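> Structure provided below as structure tokens; questions to follow.
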Amino acid sequence: MDKKSITFTSRIQFVDRITYSKLHKKNRIGFWHDVPNILKADEFYSEGIRTCTGGGIVDPLKEAEGFHFWDDMTNKKKFPQIINSLFRFVKNPQRAILIGSKDIDGNPYSIEQFERLKKIFIDRIKNVSLFERHRYDNSQTHYHYSVDTDTWTLFSEYQKRPNGRYIQVKDLKTLQECFNNILIADGDKLFVGGKEITLKDCPEIFSKKYICDKI
């Protein structure tokens, strides 16, 4: 069968801390300026996405790259080079995912960086899923991606108040509590705590217009 005739369905699954910790992971992506923060590989992962922006771009079952960008002045100045690098490594991405950012004092570039990447991704890539803006100061997301299965595995947690307990994303309610904006791209399937979340369950997160109006 011609690859162009196949409709690919990427899987995005949120799991708990124990499940994520048991994943066999390789090819870690960091965010410091002295380590690679863009990596093309058949499998990769990155952790501790808080005010930063992470994610990846994918040509399903063929090639992919992941990234994790610190929200600082250096990356603001280097933004054109970052975009050139992203689209040089995977030239014809069909799908992408963006995760992160946070509205928090002392991090003036966090939302700006995410929104700049979001605009470029939505303009240049047909199918983009977004998990945008952690709602709480103490919140973070880890991710892992495999080209072989075209699967994103994410673990997110948040703390509603200082010294309160950490809440893991384990169902639709906690997913929506964790992020301010969510978009599931056409062709992506979302699973949270082992249960598929469908258009019927939550139509607003499957509407591209809903998200694009916020750009």
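Throughout, read-outs are computed from the coordinates displayed, never taken from laboratory work. No experiment lies behind these values; they were computed from the predicted model shown. Cβ atoms come from the backbone with ideal geometry, glycine included; neighbour counts cover every protein chain shown.
> Compute the separation of the alpha-carbon centres of the stretch 51-121 and the stretch 161-192 and state it in Å as a whole number.
Between the Cα centre of the stretch 51-121 and that of the stretch 161-192, the gap is 20 Å.
> Right, another one. For the stretch 65-135, which trypsin sites (Lys or Arg not before Pro) pass both filters: DSSP loop (anything but H, G, I, E, B) and at most 15 other C-beta atoms within 10 Å?
Here the trypsin sites (Lys or Arg not before Pro) that fit, given the DSSP loop and packing criteria, are Lys78, Lys91, Lys126, Arg135.
> Okay, moving on. For Asp186 and Ser85, compute 0.36 nm times the residue count separating them, minus their Cα-Cα distance, and round to one decimal in nm.
Taking Asp186 through Ser85 to full extension adds about 33.8 nm, to one decimal.
> Here's a follow-up. When the label point is put 7 Å from the Cα of Asp105 along its Cα-to-beta-carbon vector, which residues of the stretch 129-161 have a backbone N closer than 14 Å?
Zone members listed by number: 137.
> On average, how much area does the Cα convex hull of the chain cover when viewed from any direction, in nm²?
For the Cα atoms of the chain, the hull's average projected area reads 12.0 nm².
> If Lys and Arg each add +1 and Asp and Glu each add -1, what is the summed charge of the other residues whose beta carbon sits under 14 Å from the beta carbon of His142?
+2
> Enumerate the whole-percent occupancy of each 10 Å bin, from 0 to the last occupied one, for all C-alpha pair distances of the stretch 98-186.
Final binned percentages: 16, 45, 33, 7, 0.
> Asn92 versus Arg124, label points 7 Å from Cα toward the beta carbon: distance in nm?
Roughly 1.7 nm, to one decimal.
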